[in-house]
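To start, the structure itself, in structure tokens.
The values are calculated or read from the model by the stated rules, or taken from the named source; none is laboratory data. Source: prediction; values computed, not measured. As a convention, Cβ positions derive from the backbone with ideal geometry for all residues, glycine included, and neighbour counts pool all protein chains shown.
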Amino acid sequence: MRSVQEQLAAVLEVATPVAPLDVVLADAAGCVLAADVTVATDIPAATVSAVDGYAVLADDTALASPDDPVVLPVAHDVLAGASRPLRLAPGQAIRIASGGVLPIGADTVIPAGDTDRGEVRVTVRGPAVAGGVPARGRLGRRGR
């Protein structure tokens, strides 16, 4: 009688890879790619917000707490689909829709539900974390 290790070695000795097979996407469930899929450009092409909220510089909220919130002026609004990023000045917030391009200088987005949803000034009751998303895309390259 063979041990488990001996049986495994015997099976692996005769096992060979299967040749790649072309299948239509609908039939590909459960299949494994024969080669990596790559793209020439980043998708999305810019860092976009994953939530409705406020783009900020995390350092501007470092001292925020429920008892001593930070209030930031809201400088602009960014809608989803806007093609050119705005520039965030330190000490300000930019209201951003989900899918909106993250402003240059912002390093995080505070979800609207974690604020008072201010339109002229926004109250932040806790510190944000730089790169603490919610953003999708190239935050590491464009964030600061």
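All of Gly118, Gly91 fail the test of being in contact with a helix residue (DSSP H, G or I) (Cβ under 9 Å, 6 or more places away or on another chain) and over 16 Å from Thr47 (Cβ atoms), apart from Gly91. Residues in segment 24-43 include none that are within 21 Å of the chain's Cα centre (by Cα), in a helix (DSSP H, G or I), within 30 Å of Ile104 (Cα to Cα) and among the polar types (S, T, N, Q).
Of the residues making up segment 57-68, those that are crowded, with 17+ Cβ neighbours inside 10 Å and under 11 Å from Val124 (Cβ atoms) are Ala58, Asp60, Thr61, Ala64.
Being out of contact with any Cys (no Cβ under 7 Å at 6 or more places or on another chain), modelled with pLDDT under 90 and part of a loop (DSSP other than H, G, I, E, B) is a condition met by at least one residue of segment 1-9. The set of residues from segment 17-31 being of a type in the set (Val, Ile, Thr) and either modelled with pLDDT under 90 or touching a helix residue (DSSP H, G or I) at 6+ places or on another chain (Cβ under 6 Å) (or both) comprises just one member, Val18. With respect to the conditions (1) touching a Lys or Arg at 6+ places or on another chain (Cβ under 8 Å); (2) surrounded by 10 or more Cβ atoms within 10 Å (Cβ to Cβ); (3) modelled with pLDDT under 95, Tyr54 lacks only one, and its number is (3). Within segment 97-115, the set of residues being in contact with a helix residue (DSSP H, G or I) (Cβ under 8 Å, 6 or more places away or on another chain) and surrounded by 18 or more Cβ atoms within 10 Å (Cβ to Cβ) comprises Leu102, Asp107, Thr108, Ile110.
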